[in-house]
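The values are calculated or read from the model by the stated rules, or taken from the named source; none is laboratory data. The structure displayed is predicted, hence computed values, not measured ones. Ideal geometry is used to build each Cβ from the backbone, glycine not excepted, and the neighbour counts take in all protein chains shown.
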Amino acid sequence: MEPCGLRAAAMFNDVFTLINYTVAPGMPADSAPPPEVRLEESGIAWSTDDAIFRNSEDVADGIFRSNVEYLHQQQPHIVSPDEGVENEHFRVWMHSEVGGRYISLRGLFSCLFCD
């Protein structure tokens, strides 16, 4: 398995959809479907992760061995073959939590419910 370990194999993905139900003044509430709020999912991993989580040369060259199970095969709904361990959600997932709370950054809002 590449990467190896139970933590990598146990990665999961929750899907969140936030909707802005604010209605513009003078518009009927049912005039249009409410817009989804965009979640920025890039830039969520630590900058130091670039040196830690790097695809092997084979993966970078698109060479996948038949006797190895790769991250994109374990988690096809989260990680593409092109990304591999360089996927930011995977990088965030691999950081151990300190203390009893589970916190995993999913994305950032630059401006929540702005005009």
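Beta carbons closer than 8 Å, at least 6 apart along the sequence or on distinct chains, pair a first residue in the stretch 46-63 that is among the hydroxyl-bearing types (Ser, Thr, Tyr) with a second that is surrounded by 11 or more Cβ atoms within 10 Å (Cβ to Cβ) for Ser56/Glu2. Does Thr17 count as in contact with a strand residue (DSSP E or B) (Cβ under 7 Å, 6 or more places away or on another chain) and modelled with pLDDT under 80? Here the answer is yes, as Thr17 does meet what is asked. In the condition set (1) modelled with pLDDT of 75 or more; (2) surrounded by fewer than 15 Cβ atoms within 10 Å (Cβ to Cβ), Arg91 is compliant with all but (2).
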